1. Which of the residue pairs K189/K271; K205/K249; K88/K115 have a Cα-Cα distance greater than 29 Å in the structure shown?
2. Please compute the length gained on full extension between K166 and T226, using 0.36 nm multiplied by the number of residues separating them and subtracting their Cα-Cα distance.
3. Let's see if you can work this out: charge +1 on each Lys and Arg Cβ, -1 on each Asp and Glu Cβ, no other charges. What is the dipole magnitude of the range 136-280 about its Cα centre, in debye to the nearest 20?
4. Over the Cα atoms of the range 231-278, compute the convex hull volume and normalise it per residue, giving Å³.
5. What length, rounded to one decimal in nm, is gained on full extension from K81 through to Q152, with 0.36 nm per residue of separation minus their alpha-carbon distance?
Amino acid sequence: MTFKHNFKKVLSATAFAAALVVAPAANVSAATNDASSTQQSATATSQDQQASQDQAASQSSAANQSSSTSTSSATSTSTVKKTTKKAKKTTKKSKKKTSKKKAVKKVAKKTTKKKATKKAKKTSKKSTKKTTKAATAAVTASAGQSQATDQQDDAAKKAAEAAAKKAAAKKKAAAKKKAAAKKKAAAKKKAAAKKKAATKKKAAKKSAEKAAKYWIAMRESGGSYTARNGSCYGRYQLLISYLGGDLSKKNQERTADRYVYGRYGSWVNAKRFWLAHNWY
């Protein structure tokens, strides 16, 4: 009865040790599969596999020991203790490796995340800088184009104003020239009319003078250049002393004109005087 009880205890201890060994090994294997992307995880996996083999060997040894415990309870108990101790040691080592791998994985993940964040920030900064540069270039180009358009509009406006000013000046000059020509034509016409009037007046005066002279000649001598009345002689009955000894027709005409214009200013005035006094 005692032997059976001890054998059961040995088997229970062995199963417990095997469970402890297998459970961490499964955890380690799972952790190893998660970190298989790095070389360290691959090495850890290899180590875990070796540990699993060791554990399997331990289990086999434990099984053998268990079978041998059927012959000796003391030997089995010692074997179980050794196996349990070894299993605990292996479990502790596995846990330590797992913790180390987790720490490495955590550091790697943190480093990767930090690098990714840094890279993202750098990319974002570069993209922002590029976008800002492009926007600035676009604004500058737009401003330049707007300025060029404004300059073109100003130039066109100035050209239009200059053309309008030139056209207005030309029109004004033409109007001024036309007005000057009209004024000149009017002045010329007026001068012509004045000249014509003066000519007409002169002609009328000449005609009046001629008529008055003829009228006086007819009253004085009947128009004869040889008529004589005392000391008066000729067509205009001038004193013989006035003629200066020259009784010619030409001298009589010249002397009569000199006398009348000197005394009366004109033959018309002389006629007027004659009408008032019956002599001149």
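Only the coordinates and a few stated rules stand behind these numbers; no lab work does. The model shown is predicted, which means the values in this text are computed figures rather than measured ones. Cβ coordinates were reconstructed from backbone atoms using ideal geometry, including for glycine residues, and neighbour counts include every protein chain displayed.
1. The pairs that break the limit, which is 29 Å between Cα atoms, are K189/K271; K88/K115.
2. Working it through step by step, the gained length comes to 13.4 nm.
3. 500
4. 74
5. My answer for the length gained is 15.3 nm.
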